[in-house]
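In what follows, a single structure is set out as structure tokens and then discussed.
Read-outs: derived from the displayed coordinates by stated rules, not from any lab. Since this is a predicted model, take the numbers as computed values, not measurements. Counting neighbours? That spans all protein chains shown, and the Cβs are built from the backbone with ideal geometry, glycine included.
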Amino acid sequence: MGKPIKNIWFGLPVGPGSNHITVSGIKFQDGTTATNGYIVKQTGFNSYIVQDAAQIHAAEISFLTNATSVSALSPGQCFILATPFGGSATPVYKISQFRLTVFAASGVNGFVDYSWSTIPAAAVGQADLITTGTAGEILGFEITSGGYGYTSTPTVTISGTGGSGATATATVTAGVVSSIAVTAAGSGYPVSGTTVTIAAPAAAVTATATATYSGGAFTGITGLVGGHYYTTAPTVTISGGGGSGAFATAVIANGAVTGLTGIVGGTGYTSAPTITFSAPPASTTATATANVS
């Protein structure tokens, strides 16, 4: 594969003047994607052990392919972009210590070779490949608690004395914040003292309904409002109305009460009893910390 790349070009940037090769897009074996990452180790002329910049995924072997967007990747693939002098960003086919080969419409067998350099390429025959670290960049996030009860994507706010420009997007899975991706790294954020604020989910809502009765017996419900964030069927309590012995079990789907099952009507009801449902678990706010260069 040619002389391997020196290890100094691998890993996350740690401040001004620290260089690394940016993996522009990755699709991990579990199907999740990242739009930036870093190389842990070179395993072949077009294969690397890579990790996302947020350090959520364990390092995995990924193979370079001719792509410019993560939507074009299959699991286990990644792409790295290089910019030839005077040209535009182009996917890389292979890299060695002194040379890189890019996919191209022209050139021998559809490939073109360049010597590679730090950004920007300074002469004809060069292509840049290296990203220089900036002090105070947001590199990724560690979720300390995913929270509970999210039905939509919460806003993520990043703040810290002297820092600006960082943005991030959260992903919600089954009501929990499962990951946060850096959409802009910003600069100037302190390593200690940078705060990540995730918007709170809506409050949990308890189901309500009106009981019906006929012939002195409880028969069911009407006007059901199913609530949300139930993880298990709530307890159903039937009281009042002058009777006794009525019983039912709640049915839930997608976190809401959808009806009753196992209804026992009881006896002696002279008016509609009151039906109540126990409350769902309280929703909680997700928390995270930022990894700052």
For this session: May I ask you to compute the full-extension gain from residue 247 to residue 212, defined as 0.36 nm times their residue separation minus their alpha-carbon distance, rounded to one decimal in nm?
Result: 11.3 nm
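Where Rh is the Kirkwood radius over the Cα pairs of the chain, the temperature 37 °C and the viscosity 0.692 mPa s, what D in µm²/s does Stokes-Einstein return? The partial results should precede the final answer.
Values: Rh = 22.9 Å.
Estimated diffusion coefficient is 143 µm²/s.
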For this session: Would you mind telling me which residue in 125, 188, 149 has the biggest mean-square fluctuation in a Gaussian network model of the chain, where springs connect alpha carbons within a distance under 10 angstrom?
Result: 125
Problem set entry | Furthest towards positive pole of dipole, 283, 231, 92, structure part the chain, Cβ charges | 92
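When a footprinting reagent is the concern and you count Cβ atoms within 10 Å, what order do 192, 69 take, fewest first? Each step should come with its number before you reach the end.
Details: 192 6, 69 11.
Least to most surrounded, the residues fall as 192, 69.
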